[in-house]
1. Quick one: Cα centre-to-centre distance for the range 172-190 and the range 36-110, in angstrom?
2. If neighbour count is taken as other Cβ atoms inside 10 Å, put 49, 69, 13 in order from fewest to most.
3. For the chain, what does the helix formula give at 222 nm: sum of -39500 (n - 2.57) over DSSP H segments with n ≥ 4, over the residue count, nearest 500 deg cm²/dmol?
4. When the C-alpha atoms of the chain are aligned to their principal axes, what extent does each axis show, in angstrom, from largest down?
5. So which DSSP H runs in the chain come out at 18 Å plus along the axis (Cα) with average Kyte-Doolittle of at least -0.5?
6. If neighbour count is taken as other Cβ atoms inside 10 Å, put 62, 120 in order from fewest to most.
7. Which ordering of 101, 78, 16 is given by a fewest-first count of other beta-carbon atoms within 10 Å?
Amino acid sequence: MRPGRPLTQRLFIAFRLPAPVIEALTIWQHDTIAHVPNLRLTTPAQLHITAVFLGSTPGAEVQAVQTVIGHAMRNARRPIFRIDRYHETARVGMLTLREERVGHDPYAGRANELTGHLMVALEASGRYVREFRAWRPHVTVARFGASPRLRLEPPPVAPFAPTDVALYESALSSAGSTYTVLKAFPFRDEPAAPPARS
């Protein structure tokens, strides 16, 4: 471990968004929710789709986590997401996503398949405990102390494919979280084909 690195690191794995999607979401944030009091916008650098949240992880195990991700990415196929709707929890405003069927795939679920493989492999290695709830892809766009109960139309963003998958470190502070990409893992296929027509 390099001098000055913490003994544990707060880690998560996420799909990274393409630049045009980040730009569109940032414009939508400022046009629709930036004026809401007691609300903190997610910055462009914080926009992502979480796959697996590992939480506090010994720094000595980061390389092993990267190895697990690398193995899972060998056969991973690039998914396509579509923004579904705006949704709030008690503390978070998010855009929920759904997967699109890609090319000649018999069903939609490439991201769900990869996320499931990561969860199983990380759990088998003793570095993760799966939650008893389904994985639901989303992009967090705002945080607040209490839900403002907004009813918003989602941004008109076309279906998109993530650029890659990354292992992030999250550093907490009073000003919010700072995310640092520790390593990015490219998809080995070509960019995903347009969604299949039903």
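Only the coordinates and a few stated rules stand behind these numbers; no lab work does. Because the structure is a prediction, the values reported are computed rather than measured. When we count neighbours, we look across all protein chains shown, and the Cβ atoms used for this are built from the backbone with ideal geometry, even at glycine.
1. Using only Cα atoms to place each centre, the spacing works out to 11 Å.
2. Ordered by Cβ neighbours within 10 Å, fewest first: 49, 69, 13.
3. Working: 3 runs with 41 residues, N = 198.
Roughly -6500 deg cm²/dmol at 222 nm, from the helical runs in the chain.
4. So the extents along the principal axes, rounded to whole Å, are 47, 43, 31.
5. 19-32, 110-124
6. Result, fewest neighbours first: 120, 62.
7. Details: 101 16, 78 22, 16 19.
With the sparsest Cβ surroundings first, the list reads 101, 16, 78.
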